[in-house]
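Q: Just dropping this structure here.
The values are calculated or read from the model by the stated rules, or taken from the named source; none is laboratory data. If you're wondering where the values come from, they're calculated on a predicted model, not measured in any experiment. All Cβ positions, glycine included, derive from the backbone under ideal geometry; neighbour counts span all protein chains shown. Ligands, DNA and RNA are excluded from the accessible area calculation, which covers all protein heavy atoms including side chains. Shrake-Rupley method; radii C 1.70, N 1.55, O 1.52, S 1.80 Å.
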Amino acid sequence: MAAQGRGDTVIRGATLINEGRRSELDVLIRGERIEQIGGSPRVRTGAVEIDATGLWLLPGLIDDQVHFREPGHVHKGNIASESAAAVAGGVTSFMDMPNVSPATVTRERLAAKYAAANGRAWGNHAFYLGATESNIEEIQALKASEACGVKVFMGPSTGDLLVENPAALERIFANCPVLIATHCEDRTRIEEQLARAKETYGGEIPAAAHADIRDAECCYRSSSLAVSLARKHGAKLHVLHLTTAKELDQFDPEEDLRSAGSVTAEVCVHHLWFDQGDYERLGHRIKCNPSIKSATDRDALRQALADGRISVIATDHAPHTAQEKSGDYLSAPAGLPLVQHSLLMLLDLARASHFTVERAVEAACHAPARLYGIADRGFLREGHYADCVLVDPQGGQQVDSKSLLYKCGWSPLEGHRFDARVDTTFVNGTIAWSDGKLSGPPSGRALVCNSRENS
């Protein structure tokens, strides 16, 4: 399919999956936005017409947790390479984390990341300000328009981003003017479990032991603390990458995502897909923090997503080189690349009846837009930006190294064949991906977050 400019594009015959419904309707894109849904759209001379019979049209995914590694770790990935992989997978908006080098812990560094993404990001983008135990002034001065949220690492990370001092946590939860997103693991518990593993295994700790070292208790101790602080101070808290059945009762499926004092949870696609038994086959390729845990935990996460206790789906896309991941347990870094296949993973899981496609669209598209107050995105609605993806549900797509757009060049999913295929991705009304290739130039723009417009 040829790229088009900012004129009219009409998509005919697709099945729209949006806001809990399926409907076969024509969609007119005019410029950057959806002009009309349904009826008989009147198109202007020169319009691009797409016959989408048999295809599904979904809102583009909004991934609220990625690590694109720029600045400082660009041998693993960068904004351009990883956002290209994202649009190839139907992800049209992303929110990037602050544990880069130098860490994004000042408003000046935050502005520099937006400048670096300008003209290079294939998808729309926002960035988090990182919390430290000493940057409360930066957090308090943050304007809602400057960041999607403040990231608090309540578990071991890089540099000085670990925040565990009780007084510092109290100050952050009491004074943060935007959403707080937390990584919840308890450092003391990790150190205790790691010491036991070293006693048991010596210098040959197996990959599967990661699930026991960073176990359910490690996560629960930290997430329960975060929830109690949020309730105490009326903070808007979003607990990232939930991994355990034990933590689920802290979250209410009726929580209003838009309210100032909401407490919500996210799950990542790899924690829905893999379980502890997969370490034997994939080793440190699936080492991540928090860890992939038991099949019982995985199944509980799937059910919690289905019933609404978990609000948001993301990837925690975190590329490392294959050489880095090939080390022993203590040297292999945590994180894996996923953003190119997250939508297809969800569709395979839906086909297996773990949850519905409609529920996946709610959690990967609608809910992030509501939670972060992203204006005019996350839904197929007249007047909204035309961020959307056409999927061939029967198209089939094999994962191999040649098809990967990640700079790291590998995926833990290599060899898997998905039932569906991403056909075309639109970003701001422009085709960014079609016919198995990028269609440029990049058209992503900075997201407007913390708006009350989406409902």
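Q: Quick check on packing: order 411-420, 201-210 by the mean number of other C-beta atoms within 10 Å, highest mean leading. List each step's numbers first, then the result.
A: On the way: 411-420: 17.7, 201-210: 15.6.
Ranking, from highest mean packing down: 411-420, 201-210.
Q: Now for a different question. Once label points are set 7 Å from the Cα along Cα→Cβ at both residue 145 and residue 446, what is their separation, rounded to one decimal in nm?
A: Each label point lies 7 Å from its Cα, and together they span 0.9 nm.
Q: I've got another one for you. Could you check the simple spin-label distance between residue 358 and residue 228, using points 7 Å along Cα→Cβ, in nm with one decimal?
A: Roughly 4.0 nm, to one decimal.
Q: What is the Rg over Rh value, at two decimals, for the range 295-402, using alpha-carbon atoms and the Kirkwood definition of Rh? It would help to have the intermediate numbers written out before the result.
A: Values: Rg = 16.5 Å, Rh = 16.2 Å.
Taking Rh as the inverse mean 1/r over Cα pairs, Rg/Rh reads 1.02.
Q: Of all the C-alpha pairs in the chain, what % are more than 33 Å from each other?
A: Working: 31487 of 103285 pairs.
When all Cα pairs of the chain are counted, 30 percent exceed 33 Å.
Q: How much mean residue ellipticity at 222 nm does the chain get from its helices, if each DSSP H run of length 4 or more adds -39500 (n - 2.57) and you divide by all residues, to the nearest 500 deg cm²/dmol? Please report the intermediate quantities before stating the final value.
A: On the way: 14 runs with 120 residues, N = 455.
Computed ellipticity for the chain at 222 nm equals -7500 deg cm²/dmol.
Q: Over the range 303-455, what percent of the accessible surface lies on carbon and sulfur atoms, probe 1.4 Å?
A: On the way: 2290 of 4980 Å².
Result for the range 303-455: 46 percent of the exposed heavy-atom area is carbon or sulfur.
Q: A further question on this structure: Kindly flag which residue pairs out of 143/287; 198/325; 113/293; 151/325; 143/437; 293/437 have an alpha-carbon separation exceeding 29 Å in this structure.
A: 143/287; 113/293; 143/437; 293/437
Q: Along the charge dipole of the range 15-113, Cβ charges K/R +1 and D/E -1, which of 39, 58, 75 sits furthest on the positive end?
A: It is 75.
Q: Work out the length of the dipole vector of the chain about its Cα centre, built from +1 on the beta-carbon of each Lys and Arg and -1 on the beta-carbon of each Asp and Glu, and round it to the nearest 20 debye.
A: 820 debye
Q: Sort 48-55, 323-330 for me by packing, meaning the mean count of neighbouring Cβ atoms within 10 Å per residue, highest on top. Working shown, then result.
A: Details: 48-55: 16.4, 323-330: 14.4.
Going from most to least packed, we get 48-55, 323-330.
Q: Between residue 258 and residue 108, what length in nm is gained on full extension when 0.36 nm per residue of separation is reduced by their alpha carbon distance?
A: Values: separation 150, 0.36 × 150 = 54.00 nm, distance 2.77 nm.
Gain in length upon complete extension: 51.2 nm.
Q: What's the carbon and sulfur percent of the range 128-230's accessible surface, probe 1.4 angstrom, rounded to a whole number?
A: Ligands and nucleic acids excluded, carbon and sulfur give 48 percent.
Q: In addition: Considering the zone a paramagnetic label at residue 417 would reach in this model (a point 7 Å from Cα along the Cα-to-Cβ line), which residues of the range 273-295 have amide N under 11 Å from it?
A: Of the residues in the range 273-295, none has backbone N under 11 Å from the label point off residue 417.
Q: Using the alpha-carbon centroid of each, what span in Å lies between the range 334-357 and the range 92-120?
A: 27 Å
Q: Using a 10 Å cut-off on Cβ atoms, rank the peptides 295-301, 428-434 from the highest mean neighbour count down.
A: In decreasing order of mean packing, 295-301, 428-434 become 428-434, 295-301.
Q: Let me ask something additional. Kindly give Rg over Rh for the range 342-390, based on alpha-carbon atoms, with the Kirkwood expression for the hydrodynamic radius. Mind dumping the intermediate values first?
A: Numbers: Rg = 11.8 Å, Rh = 11.6 Å.
So for the range 342-390, dividing Rg by the Kirkwood Rh gives 1.02.
Q: Computed over the Cα atoms, what is the radius of gyration of the range 128-181 divided by 2.2 N^0.38 Å, N being its residue count?
A: 1.01
Q: What full-extension length gain, to one decimal in nm, is calculated for residue 402 and residue 42 as 0.36 nm per residue of separation minus the Cα-Cα distance?
A: Difference between extended and current length: 125.5 nm.
Q: Same structure again: Over the alpha carbons of the range 53-112, what is the largest minus smallest coordinate on each principal axis, giving the biggest first in Å?
A: So the three principal-axis extents are 48, 24, 15 Å.
Q: Taking Cα centroids, how far is the range 237-270 from the range 273-292 in Å?
A: Each part's Cα centre sits 22 Å from the other's.
Q: For the range 271-329, take every pair of Cα atoms, bin their distances at 5 Å starting from 0, and report each bin as a whole percent.
A: 4, 16, 24, 24, 15, 10, 5, 2
Q: Can you give the FRET efficiency for residue 328 and residue 191, using 1/(1 + (r/R0)^6), R0 = 25 Å, r = Cβ-Cβ distance, to the nearest 0.05?
A: That pair, residue 328 with residue 191, gives E of 0.85.
Q: In 5 Å bins starting at zero, report the fraction of Cα pairs in the range 1-99 per bin as a rounded %.
A: 3, 12, 17, 18, 16, 12, 10, 8, 4, 1, 0
Q: Here is a follow-up. Can you give me the accessible area per residue for the chain, using a 1.4 Å probe, in Å²?
A: 36 Å²
Q: Which whole number of Å³ per residue matches the convex hull of the alpha-carbon atoms in the range 248-294?
A: Taking the convex hull of the Cα positions in the range 248-294, it is 95 Å³ per residue.
Q: Assuming 0.36 nm per residue, please report the length gained on full extension of the stretch residue 170 to residue 22 beyond their Cα-Cα distance.
A: 48.8 nm
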